[in-house]
1. For R402 and V76, FRET efficiency with R0 = 51 Å and r from the beta-carbon atoms, rounded to 0.05?
2. Report the residues of the stretch 209-223 in range of a label on L147: point 7 Å along Cα→C-beta, backbone N strictly under 11 Å from it.
3. Residue farthest toward the positive end of the dipole of the chain, with Cβ of Lys/Arg at +1 and Asp/Glu at -1: which of F161, T457, L334?
4. State the volume of the convex hull built on the alpha-carbon positions of the stretch 456-595, expressed per residue in Å³ and rounded to an integer.
5. Using the Cα centre of the chain as the reference point, and only Cβ charges (+1 on K/R, -1 on D/E), how large is the resulting charge dipole? Debye, rounded to the nearest 20.
6. I want to check the label-to-label distance for R291 and L734. Put each point 7 Å from Cα in the C-beta direction and report it in nm to one decimal.
7. Would you work out which of G492, A557, V80 lies farthest towards the positive end of the dipole of the chain? Charges go on Cβ: Lys and Arg +1, Asp and Glu -1.
8. Give, to the nearest whole percent, the P(r) tail of the stretch 268-343 beyond 18 angstrom, counting all Cα pairs.
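The values are calculated or read from the model by the stated rules, or taken from the named source; none is laboratory data. This one's a predicted model, so the numbers in the text were calculated from it and none came from an experiment. A quick note on method: Cβ atoms are made from the backbone with ideal geometry, for glycine too, and the neighbour counts reach across all protein chains shown. Surface areas here come from the heavy atoms of the whole protein model, side chains and all, with no ligands, DNA or RNA. Shrake-Rupley method; radii C 1.70, N 1.55, O 1.52, S 1.80 Å.
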Amino acid sequence: MAAWRMRNRFEGGPLEISWARLPYERWLRWGLGLFGLGVLLLFLPERLLSLWVMWEWFRDLGYESVLWTQWQARAVLFLVGWGAAALFLGLNAFLAARAAGRPPRLWLGLAAAVGFLFGLALQGEWERVLLALNAEPFDVRDPLFSLDVGWYAFQWPLWTFLQETAQWGLVPLAALFPLVLPVPRRWRWAHLSTLAALFFLLMAVGYRFDAYRLLYAERTVAFGAGYADVHARLPVLNLLSALMVLLAAGMLLNLRLRRPTLLALGFGVWLALAFLGLEIYPGLIQTLVVRPNELARESPYIAHSIAFTRRAYGLDRFEERTLSPREAPTPEELQAGAEILEGIRLWDYRQLLQTLQQLQSIRPYYVFADVDVDRYRLNGAYRQVMLAVRELDLEALPPQARTWVNRHLVFTHGYGAAVVPVRAFTPEGLPEFFVKDIPPVGAIPLTRPQLYFGERTVDFALVNTAVPEFDHPRGEENVTTTYQGRTGVRLGGLVRRALFALYFGDPNLILSGALTPESRILFWRDVRTRVRTLAPFLRFDPDPYAVILDGRIVWVADAYTSTDRYPYSQPHGDLNLNYIRNSVKAVVDAYDGTVTFYVVEDEPLIRAWRRIFPTLWRDFSEMPEALKAHLRYPEGLFRIQADILRTYHVRDPRTFYNKEDVWAIPLELFGAEPQPMEPYYVLTQANPGGPVEFVLILPFTPAGRQNMIAWMAARSDPGRYGEVILYRLTKERLIFGPQQIEARIDQEPTISAQLTLWSQRGSRVIRGNLLVIPIGEAFLYVEPLYLLAEQGQIPELKQVIVATEQRVAMAPTLEQALAQAIGAAEAPALSGPPATPGGDVAALIQEAYTHYQRAQEAIRRGDWAAYGTEIEALGRVLEALRQTTDGP
């Protein structure tokens, strides 16, 4: 048994302990080994399984090189981080153990174990490292240090991470070895002094980085460094950085001089300078120098904030115009703008979603998750439509039908879509259709209606099995199908099936006799999950939209490159960014899940990612022209830009400082509750007198007031995609804003009386989106009214309110309301929607047969209300058939 000896010196010497080999070291060594083995046995198999599944999924999509690049980067960084940390800590452990007369093996092992954690931390920063190694210039320099913005966006985040990790992680941990081990006092002093010198050098770098952080200072006047920051904090930070270098040198010199009083003096100067220079002095400058003449002192820095914020959010690229609208459009303008009027959206997406769920879900296990606004060219006319895809909701299956086979082998996909013209509705207040029913019939061909990938497809599906897949209902029978897509991970033999069973926690993947070696598994089928897994370094818009393209359904997800390191740029809310670009459109095929990333805007961040993952991207020129015709300016980016524009439309520092011209997003009534107005897509003329375009628009009002002061239009059509026009309205007269129009609607006696009457009869009156439509040299204000019966589930579009600055009118149709609002003798002539199936006799016959079958099913169920609805629909189709064959 090892012994220990103690020698006590009473003549002024400290108590010293002489250690021999202790038995706890052996137990500690065994304990560390067993702990490490346990961790490996517990987590490594699960991690390896996840990596294998990830590899199979990436390889199935043809992007294995993307994953391989990530893995290589992570592996190299892990080894570098582990090796560097273990080497640094191991050197300190070795020196301390040797000085203490102890075997260094245990302490070297401990240093290696701690270094392992640093390796894990560094590999988690693979995005920062790859961006730093592939940095691209922004060709914009900050006004304070004259460094390219690329330094802040690419290199600085990595250097900050390394500096903070070394200062607050490696150096303090290294200091534990001479503190814990019983080293001689003089050696301990030398060791700790050396580490302290390194610590102070890192602090010197940290103070320099703190100087860069002044560019991101949160201030009430404007974002970024101000007068007090530049003239007080920056000089002090420079002094502190220099002082840290001197303290580091002092720690090394003191190894020979051994004068701790000099070091104590240095520490005192540091603390005093840090407190007085960073807390007291800037406050005095702000109070005595800046505040008495704040505008003059801060104007240059306000100008920096305005310029850099506008550039970071793309506001500097907006085309600005001045508009002096008339109080109402003329009949001639309305007649010339018939295409615009045809595209006025009367269907509110929330009410339409509820209506489609009742009319077009067909079966209880189908669901419409969202409604998207788009445009199609039908019969030579440019038509704005609302589109919703019919997805599968497995939770809506009857409880007895929610078997494993049904959930994963039979009910594998959604089916078809409903496409509605934005303006048309039947006399009953229900939507007309361009595409509807199962199988889909209508004016837009949909030859591949199956949706294996969507917004609600969260469970895995097994295809090419011995069990036929349910495709769609047909009368009393079900039509089956077999998946023929290009993607799907092969299940293979028993070993692969066992691995998938372990990953998904589902033993049926082994036990099921319906699976063959050729069976495939489709997983991560949610569109958002799919694109985020492939490109986790991009931000994705939360609302992907569906497009019918060449008879197939594809999803388009807008992807953004962003950073929070753009100097002098105002951050946006809680999104942790102050620079953003819609650089990428991710396209996902709804049938087979193939994903394509198209680069639509060239900017520094996406250029760096293209160098890192060259096989992931395609040029915008490679996108099919038919798909380009359906691209939309993303609403998420539009909202961010509109929010920033409320303040940063001002370019004059004096006006900005005085907050004289702050805008607001107007309020509208939805139902009976006020809410901020949402951006909305319309067909209109972005250029007065120009062609009708698909644009995203939003009006603005002055803060605290309700009149309209400006409106913003983002263009989406090919050739003009991404252009934004800001119309500043004349200030010579008041132009009604949405809230003022809502108030005028409430005050109109005939409208108010009718709304009251409907409410008294038990119906719920729902006011839809108020749309502000520019037409000619004036604005039209349009708001649909819906009625929902007390026990009903289908909102019916019953009235349309049209307003100008002169009149407010309500009528059963848009044409009639327009005529009343402009005081015309008759309604403007508008074309109706094309015949439901685009004049196709065969499709009409098929549609008539579908309604007949549903009517027969309703009779068998005893559902006479549904029977009546189907017979009415059958009559409308027969009338369309008569017009198609005989003429109107």
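1. 0.60
2. What the label zone holds, given the 11 Å backbone N cut-off, is 209-215.
3. After comparing all options, I get F161.
4. Hull volume normalised by residue count: 158 Å³.
5. Its charge dipole is roughly 5280 debye.
6. Result for the modelled spin labels: 3.9 nm.
7. My answer, from the dipole projection, is V80.
8. Summing the P(r) tail past 18 Å for the stretch 268-343 gives 72 percent.
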